[in-house]
Amino acid sequence: MCGIVGYIGERQAYPIVVKGLKRLEYRGYDSAGVALIDEHLSVYKKKGKVADMEEAIVGQHLGGHVGIGHTRWATHGEPSDRNAHPHRSASGKLAMIHNGIIENYMAIKEELTQKGYHFSSDTDTEVLLNFIEDIRVNNACGLEEALRIALKRIVGAYCILLIDEDDPDTILAARKGSPLVIGIGKNEHFLASDASPIIEYTKEVVYVNDYQVAIVKKDELVLKNLGNEKVTPFITKLDMELAAIEKGGYDHFMLKEIHEQPATIFDCLRGRLLPEAGLIKMGGVEANIDALINAPRIIIVACGTSWHAGLVAEYLIEETCRIPVEVEYASEFRYRNPIIHPGDVIIAISQSGETADTLVALENAKEKGAFIFGIVNSVGSSIARLSHAGAYTHSGPEIGVASTKAFTGQLAVISMMALKMAAAKGTITTEKYTELLFELQAIPEKVATILKDTSHIEAIAEKYKDASDFLFLGRGYNFPVALEGALKLKEISYIHAEGYPAAEMKHGPIALVDENLPVVFVATRDRFYEKIVSNVQEIKARKGKVICVASEGDKVIPTMADDTMFVPDADELVGPLLSVIPLQLLSYYVGLKKGYDVDKPRNLAKSVTVE
Ligand code: G6P
């Protein structure tokens with residue numbers, strides 16, 4: 001989390017840095033700031049969003065051809081002007097921004113305090129900055145060397161940009177665990193946490209690796225490791241268009257991304273799913289098919305929405321491939337000293353490819369010899385690079401903090417992967433396999449049908465927006481969908497919502513049911529249909545308000561439910577790709593009607609690069 005931008009070149013840095021920060025705001029938005037060097041170093045920062053900072057500094061001298069900027073998601077110290085980045089060193093000469101956490105900052109702070117340093121913020125960043133300055137003074141060395149020495153002493157994760165008033169021709173950058181991309185222009189360089197601030201200027205980029213330091217001048221980019229040896233920068237071409245990161249006429253990115261799903265699911269299936277030929281082409285799966293189908297066990301590691309996609313994968317892979325699957329929260333898995341047997345396969349699911357807990361869990365598992373397969377949206381991200389093999393979801397950049405199209409992209413990849421593995425393993429009949437290929441092919445159009453008219457979902461949102469709690473229930477493949485529906489609602493509307501397996505409801509949550517509690521059932525026609533109808537009755541008998549996601553043409557559910565949202569019929573194995581869509585829309589409209597910023601919900605960040 002936290003977004004980082006830097007510019008060095010011949011243009012004015014400030015407009016580029018601010019525009020870039022707005023593109024990165026999804027990463028954190030509790031305060032923002034910039035540092036510019038014109039004749040002198042100036043630092044401006046403000047609690048709130050980037051626009052608040054912009055407004056606060058109107059009329060200031062904002063010149064200079066070198067600048068760095070930061071949009072923050074607080075870790076050390078509350079969101080405030082003083083804790084906002086950039087931070088200035090004690091001498092006032094250096095300014096630094098940082099994404100990540102320095103774990104041993106207390107010990108270093110203590111050391112510096114004893115030497116007489118005072119700190120004007122509560123951040124670990126200011127400690128690191130003064131530590132670097134202190135090393136430079138004591139060792140009488142250059143800033144680059146001081147930076148390297150400091151980085152060898154610190155524990156934790158960082159992406160930092162550092163500028164020095166006395167050397168306005170250089171930005172120093174370094175990363176470990178938090179992403180950094182450098183765009184290469186003509187006599188200019190752009191630095192950012194991801195490529196979105198860079199794409200309108202250049203498509204040539206270098207992804208900086210862990211333990212590398214970049215010495216960036218307008219016409220030169222030098223990469224070194226912490227041992228001061230040069231590393232050849234590997235230049236890649238961005239495969240992304242500017243339009244993909246703009247709102248394109250929608251009021252919010254979240255709404256745009258919900259509506260993009262027919263196209264993004266189609267893009268994910270395109271060239272891979274060939275029902276007429278009875279084929280699924282997935283290079284990463286094909287190349288490792290033996291490892292995958294002979295795995296004694298598959299462990300899926302993920303966080304948040306991606307973890308819910310992992311639960312769907314568990315149902316799918318176990319059912320079609322008959323391989324035991326465990327789905328783990330990355331944060332728990334990494335600290336548990338997990339047992340990994342030879343041959344175990346780890347599937348990592350991540351939209352951003354940068355989630356710190358997932359990343360470290362994978363690093364640990366890789367060290368123990370596990371085979372890592374990554375299902376990632378963000379091309380070239382850390383998880384994508386760490387995986388032995390993988391499949392991109394091709395959902396395009398997802399900017400809204402609440403994940404929508406990335407989730408359905410993950411489901412599409414997982415479905416193809418499970419079917420391909422099942423066919424190779426011989427655990428699915430040819431008829432069922434072929435039928436499911438056609439079912440998958442039909443999904444984009446069916447999603448488009450749901451999105452054609454959403455006014456009834458908006459009306460349902462209006463009706464229930466003042467509820468203080470919601471319960472989401474589903475069975476089988478729709479159980480993870482219920483969890484995802486609850487997560488979406490709490491993220492966007494701040495209404496307390498819980499997801500449960502519908503049958504488990506009677507072992508506790510049913511105590512909550514009264515005439516004020518809306519209960520959302522994901523009740524499409526599948527093998528559990530009769531059972532979920534009984535669960536609906538149980539809620540109605542206790543005067544709960546029932547909202548159902550039901551299959552088109554269902555005549556029973558609408559007679560019991562207070563409100564129904566229909567989705568086209570589909571085989572239950574691919575059903576979540578449809579049943580989640582009304583739930584995404586429901587939370588969008590509830591959040592909107594409550595007047596919240598649906599693209600940037602409070603306290604959240606899209607890419608959680610701290611543990
Ligand atoms: C954050 C986001 C969630 C996301 C989760 C995992 O919490 O707010 O929307 O599901 O991280 O992110 P990943 O990028 O690994 O899928």
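Would you pick out the residues in segment 332-350 that are near the ligand (Cβ under 9 Å from one of its atoms) and touching a Phe, Trp or Tyr at 6+ places or on another chain (Cβ under 8 Å)?
Ala348, Ile349
Are any residues in segment 17-36 of a type outside the set (Ser, Thr, Tyr) and either in a helix (DSSP H, G or I) or not assigned by TED's automatic domain parsing to the domain that holds Gly63 (or both), and if so, which ones?
Val17, Val18, Lys19, Gly20, Leu21, Lys22, Arg23, Glu25, Arg27, listed by residue number.
Are there any pairs with C-beta distances below 7 angstrom linking a residue in segment 336-356 that is assigned to a strand (DSSP E or B) and among the small types (Gly, Ala, Ser) to a residue that is within 8 Å of the ligand (Cβ to nearest atom) and at pLDDT below 90, with the two at least 6 apart or on different chains, and if so which?
Close Cβ pairs satisfying both conditions: none exist.
Taking Leu269, is it hydrophobic (A, V, I, L, M, F, W, C), in contact with a Pro (Cβ under 9 Å, 6 or more places away or on another chain) and within 23 Å of Asp526 (Cβ to Cβ)?
In short, yes.
Across segment 17-58, which residue is modelled with the lowest pLDDT among those that are among the β-branched types (Val, Ile, Thr) and surrounded by 24 or more Cβ atoms within 10 Å (Cβ to Cβ)?
The selected residue is Val50.
Looking only at residues in segment 351-367 that are touching a helix residue (DSSP H, G or I) at 6+ places or on another chain (Cβ under 8 Å) and of a type in the set (Asp, Glu), which one is farthest from the ligand (Cβ to nearest atom)?
Looking at the filtered set, the residue picked out is Glu363.
Within segment 90-110, track down each residue that is in contact (Cβ under 8 Å) with a residue 12 or more places away in the chain and in a helix (DSSP H, G or I).
Applying the first criterion (in contact (Cβ under 8 Å) with a residue 12 or more places away in the chain) to segment 90-110 yields 90-105, 108-109.
Answer for segment 90-110, where residues must be in contact (Cβ under 8 Å) with a residue 12 or more places away in the chain and in a helix (DSSP H, G or I): Tyr105, Ile108, Lys109.
Tally the residues that are small (Gly, Ala, Ser) and over 17 Å from Lys93 (Cα atoms), restricting the search to segment 138-179. Full working, then the answer.
Our first condition is that a residue be small (Gly, Ala, Ser); within segment 138-179, this holds for 140, 142, 146, 150, 156-157, 173-174, 177-178.
Pick out the ones that are also over 17 Å from Lys93 (Cα atoms) and you get 150, 156-157, 174, 177-178.
Total meeting the criteria: 6.
Quick one: would you say Tyr207 is closer than 29 Å to Ile154 by Cα and touching a Gly at 6+ places or on another chain (Cβ under 7 Å)?
So Tyr207 passes the test.
Give the residue, chosen from Val574, Val520, Val549, Val598, that is part of a loop (DSSP other than H, G, I, E, B), closer than 28 Å to Ala442 by Cβ and among the β-branched types (Val, Ile, Thr).
Exactly one residue qualifies, and that residue is Val574.
Residue by residue through segment 341-353, note down the ones that are at pLDDT 90 or above and either surrounded by fewer than 24 Cβ atoms within 10 Å (Cβ to Cβ) or on the phi < 0 side of the Ramachandran plot (or both).
Answer for segment 341-353, where residues must be at pLDDT 90 or above and either surrounded by fewer than 24 Cβ atoms within 10 Å (Cβ to Cβ) or on the phi < 0 side of the Ramachandran plot (or both): Gly343, Asp344, Val345, Ile346, Ile347, Ala348, Ile349, Ser350, Gln351, Ser352.
Report, by residue number, each residue of segment 387-425 that is β-branched (Val, Ile, Thr) and within 12 Å of the ligand (Cβ to nearest atom).
Within segment 387-425, Thr393, Ile399, Val401, Thr404 qualify.
Could you check segment 488-545 and list, in sequence order, the residues that are among the small types (Gly, Ala, Ser) and either on the phi > 0 side of the Ramachandran plot or touching a Leu at 6+ places or on another chain (Cβ under 8 Å) (or both)?
Ala497, Gly499, Ala502, Gly508, Gly544
Is it the case that segment 373-386 has a residue that's more than 13 Å from the ligand (Cβ to nearest atom), more than 30 Å from Leu242 (Cα to Cα) and of a type outside the set (S, T, N, Q)?
No, segment 373-386 contains no residue that is more than 13 Å from the ligand (Cβ to nearest atom), more than 30 Å from Leu242 (Cα to Cα) and of a type outside the set (S, T, N, Q).
I'd like to check something: does segment 108-126 contain any residue that is surrounded by fewer than 23 Cβ atoms within 10 Å (Cβ to Cβ) and of a type in the set (A, V, I, L, M)?
Yes, that holds for at least one residue.
So which of Leu279, Leu273, Leu269 is within 24 Å of Ile414 (Cβ to Cβ), buried (at least 21 other Cβ atoms within 10 Å of the Cβ) and more than 24 Å from the chain's Cα centre (by Cα)?
Working: Leu279 fails: buried (at least 21 other Cβ atoms within 10 Å of the Cβ); Leu269 fails: more than 24 Å from the chain's Cα centre (by Cα).
So the residue among Leu279, Leu273, Leu269 that is within 24 Å of Ile414 (Cβ to Cβ), buried (at least 21 other Cβ atoms within 10 Å of the Cβ) and more than 24 Å from the chain's Cα centre (by Cα) is Leu273.
The values are calculated or read from the model by the stated rules, or taken from the named source; none is laboratory data. No experiment lies behind these values; they were computed from the predicted model shown. Methodologically, a virtual Cβ is constructed for each residue, glycine included, from the backbone with ideal geometry; neighbour enumeration extends over all protein chains shown.
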